[in-house]
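Below is one structure, written out as C-alpha cells; the observations come after it.
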Amino acid sequence: MTTSEYHEFVVIGAGVGGLQQLTRLLQMGRDVLVIEANAGVGGTWFQNRYPGCRFDSESFTYGYSFSQELLQEWDWSEMFAARPETLRYLEHVADRFELRPHIRFDTRVVAARYDEPRNRWRVETDAGDTVECRFLITAVGNLSAPTTPSLPGADTFEGAMFHTRDWPHDGLDLEGARVAVVGTGATGIQVISAIAAQVDRLTVLQRRPNWAAPLNNRPIGADEMAEIKSRYDEIFARCDATPGGFVHGPVEERFADADPAQRRALWERLYDAPGFGIWLGNYREVLMDPEANAELSAFVADKIRQRVDDPATAEKLIPRDHGFGVQRLPLETGYYETYNRPNVELVDLSEEPLERATPRGVVVGGREIALDVIVFATGFDAIVGALTRIDIVGRDGLALRDAWRSGPRTAYGFAVPGFPNLLALTGPLSASGATNFPRAIDTCVTWVSDLVQHMGDHGYTRIEATAEATDAWVHDVAHSHERLLMRNARSWFTGYNTNLRGTEKPRHLMYLGGAPRFRERIDEVARHGYEGFSLERV
Ligand code: NAP
C-alpha cells in the first residue's frame, strides 16, 4: 500500500486526554491528526449512554484547568453532573479551540508498526488508510475496552443483550420490560438505581457485593457557581495536594488518637457529605490498617442494614471478602432503597450460579428467569486492554501484547522499551488510573508536551525508555502497593478480571503512591534531561 499522508503527531482518541493533548500541540504550532473511533468527541462520555451515568468526582474539579477563559465561561449545573452535560462540555471545548478539523471521526486505529530505518510509525485504520507519523500518542482511555462473560446459550437469547458501554445509542424503551443487570460495580450501581422505577421487573445478578456510599448530589446555583469560579486556583491547588487529585484528602488526625465517638462523628458527617470524602477524606489508616478498616466497614454495614428493609437482602449486600474502600468505591443515589421496591429481586450468584442463557431469559441455580433485556455491567480490561486490542508492533517485530504478556511494563506509564516515540497518556503504571482522571491527564499532557518541546529544542528525533529505568519503575510501582490494603483486592484496580483468560490473579496496573509523589518523580526525570530515556538524533 502506498502512503500519502504524514503528520508529525498522531493521537489515538478524542476523549478527555486526546482533546487536551491536541489543544496543547496546536498551541505549540505542531502538525497533529487525532483518530477517533466514535462519531463525536468525548471518549467515555460519548460512549457510555446508560441511564444514571454521571460524574462521581465534583464537576468543578473535572473540567480542564488550562484555560482561564474556559473556566470562567462554563457553568456546571450540579455537584456531580450527568453524562449529557459532560458531553456538552467536551463538545464546547472542541468547538471553542477549533479542534474538530484535526480529528478524523468514525475511524478506529487497528494497528501501528514502527519503521525503524525511517523512524516513523505506520498507523493503520479500519477504513484501510495508513497514516505515518513521527510520534504516536495514545489517549485511549483506562476503562474503554469492555469485557463480558462467556455465557452459554447467549446467542439463543431472543431479547436485547449488551454491555453497558454499548447501551443502544438511539435509546431503549424499558417501560414494562423485564430486565437483568449482571454486575454491581460503579456502573451497575448507577444503572440499577436509575432504571428500577421504570421497568416492570428488575433482577440484579450479583456475584460479589461492593461497598458503596451516598453521592449526596445537589444542584449548583448561580451564586455558588460564581463563588466556585472565584476560587478555581485554590480548588486546583487543593486537588494537586491530595493523593487522589480530588478536593478530598486524608484528615490530619490519626485514627488512634480519636476515640470511637469522635470517629463515628467524622464518619456520620462524611456519609452525609458530597463525594468521595468517606473514602479519601478519612483517617489515613482506614485504607492501610486492617483494624481501622474493620471499624469503618462495620459503620457502613450498619448504614446498609438501616436502609434495606429485608434483613436477609441487607446481609447479601454487605461485602465479606474485602473491607470498605479497598476496591474502587462506587457512589450511589438511592441504591440500597432500590431493594425495598417490590419489582426488584437481588440474586446472589454465589448461592444461585448464573448457568446459561435461554431464548427466554437466564437460568440461575436451576430456575429460569424470564427476561426482555440483559445488561452486562461487567467492567473492562482496565488500563491495558485498550492498548493491547490495537496490534502495536515496535522495534525488531516486538508486539506490545507479547511484551506485556506477564503484566504491563512502562517507564512512568509513558513509554515502553522497544517502542520508540510511542507515548501513552495515562498508560499502565501511571498514577492516573488511581486518581481524578482529568487532573492526572493534565499532568500527563503537560509532561509529554514539555518532552516533545525539549526534543525539538535539542534536535532529538527519537526517544525510548531504557530497560533499566523501566525495571526500576516496575519495582517502585510494586512497592507502592505494599502498604495499602488494596494490594489484595480482586477488582480492576489490581488488574483482576475473571472474564479475561490468564488474568485471574491480581497484578500491578497503576502506581498507588499518589498524584503528588508521581508528579514529583516525573518532574525530576524531566529536570535531569529525561533521565531513564535515551534521546537520539536520527
Ligand atoms: P467493575 O467495577 O469492574 O465492576 C464489574 C462488576 O461486574 C463487578 O460487580 C463484578 O463482580 C461483575 N462481574 C464481572 N464479571 C462477572 C461475571 N462473569 N459474572 C457475574 N458478575 C461479573 O466495572 P464498572 O462497574 O463498569 O466500573 C469500572 C470503573 O469505571 C469504576 O470503578 C469507575 O472507576 C469507573 N466508573 C465511573 C463512574 C463515575 O461515576 N464517574 C461510573 C461508572 C464507572 P466481582 O466484583 O465479583 O468481580
*Restricting attention to the stretch 162-187, and to residues there that are of a type outside the set (Val, Ile, Thr) and assigned to a helix (DSSP H, G or I), which single residue is nearest to the ligand (Cβ to nearest atom)?*
Ala186
*Which residue pairs have Cβ atoms closer than 8 Å, lie 6 or more positions apart in sequence or on different chains, and pair a first residue in the stretch 361-387 that is farther than 30 Å from Pro428 by Cα with a second residue that is polar (S, T, N, Q) and part of a loop (DSSP other than H, G, I, E, B)?*
Glu368/Thr358
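Given the condition assigned to a helix (DSSP H, G or I) and among the polar types (S, T, N, Q), answer yes or no: does some residue in the stretch 268-285 qualify?
no
If I go through the stretch 231-290 residue by residue, how many of them are of a type in the set (Gly, Ala, Ser) and without any contact (Cβ under 8 Å) to a residue 12 or more places away in the chain?
So the count comes out to 3.
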*asked:* Any residue that is out of contact with any strand residue (DSSP E or B) (no Cβ under 7 Å at 6 or more places or on another chain), within 16 Å of the ligand (Cβ to nearest atom), among the β-branched types (Val, Ile, Thr) and closer than 26 Å to Thr446 by Cα - is there at least one of those in the stretch 87-103?
replied: no
*Go through (1) closer than 20 Å to Leu422 by Cβ; (2) loosely packed, with under 14 Cβ neighbours inside 10 Å; (3) of a type outside the set (A, V, I, L, M) and name the single condition Pro101 misses.*
(1)
*Evaluation of Arg490 against (1) closer than 29 Å to Leu22 by Cα; (2) among the basic types (Lys, Arg); (3) surrounded by 17 or more Cβ atoms within 10 Å (Cβ to Cβ) (one fails), failing number*: (1)
*Which of the residues spanning the stretch 335-390 are within 16 Å of the ligand (Cβ to nearest atom) and part of a helix (DSSP H, G or I)?*
Tyr335, Tyr336, Thr338, Gly385, Ala386
*Test each condition in (1) in a loop (DSSP other than H, G, I, E, B); (2) in contact with a Gly (Cβ under 9 Å, 6 or more places away or on another chain); (3) among the aliphatic types (A, V, I, L, M); (4) under 20 Å from Arg284 (Cβ atoms) for Leu500 and report the one that comes out false.*
(4)
*In the stretch 69-82, which residues are farther than 12 Å from Phe236 by Cα and out of contact with any strand residue (DSSP E or B) (no Cβ under 6 Å at 6 or more places or on another chain)?*
Glu69, Leu70, Gln72, Glu73, Trp74, Asp75, Trp76, Ser77, Met79, Ala81
*So which pairs qualify, if the first residue must be in the stretch 343-360 and closer than 17 Å to Ala154 by Cα, the second must be hydrophobic (A, V, I, L, M, F, W, C) and at pLDDT below 95, the Cβ gap must be under 7 Å, and the two must be at least 6 apart or on different chains?*
none
*asked:* Name the residue that is farthest from the ligand (Cβ to nearest atom), counting only residues in the stretch 471-526 that are free of Cβ contacts under 8 Å to residues at least 60 places away in the same chain and touching a Lys or Arg at 6+ places or on another chain (Cβ under 6 Å).
replied: His481
_Could you check the stretch 114-140 and list, in sequence order, the residues that are touching a helix residue (DSSP H, G or I) at 6+ places or on another chain (Cβ under 8 Å) and assigned to a strand (DSSP E or B)?_
Tyr114, Phe135, Ile137, Thr138
_Cβ pairs under 6 Å, 6+ apart, first in the stretch 318-330 and under 20 Å from Val308 (Cα atoms), second away from the ligand (no atom under 12 Å from the Cβ)_ = Ile318/Ala301; Ile318/Ile304; Gly323/Asn293; Gly323/Ser297; Phe324/Leu296; Phe324/Ser297; Phe324/Val300
_Looking at the stretch 108-122, can you tell me whether even one residue there is under 28 Å from the mean Cα position of the chain (by Cα) and among the polar types (S, T, N, Q)?_
no
*Identify the single condition in (1) closer than 18 Å to Glu78 by Cβ; (2) away from the ligand (no atom under 16 Å from the Cβ); (3) among the small types (Gly, Ala, Ser) that Ala256 does not satisfy, given that it satisfies every other one.*
(1)
*asked:* For the stretch 141-161, which positions are more than 13 Å from the ligand (Cβ to nearest atom) and out of contact with any Lys or Arg (no Cβ under 6 Å at 6 or more places or on another chain)?
replied: Asp155, Thr156, Phe157, Glu158, Gly159, Ala160, Met161
*Filter the stretch 197-216 for residues that are part of a loop (DSSP other than H, G, I, E, B) and in contact with a Phe, Trp or Tyr (Cβ under 9 Å, 6 or more places away or on another chain); which is nearest to the ligand (Cβ to nearest atom)?*
Leu215
*Close pairs from the stretch 39-66: first over 25 Å from Ile228 (Cβ atoms), partner in a loop (DSSP other than H, G, I, E, B) and away from the ligand (no atom under 14 Å from the Cβ), Cβ under 7 Å, at least 6 apart*: Ala39/Phe105; Ala39/Asp106; Gly40/Phe105; Phe46/Asn38; Phe46/Gly40; Gln47/Asn38; Arg49/His169
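The values are calculated or read from the model by the stated rules, or taken from the named source; none is laboratory data. If you're wondering where the values come from, they're calculated on a predicted model, not measured in any experiment. Glycine also receives a Cβ, built like all others from the backbone with ideal geometry; neighbour counts cover every protein chain displayed.
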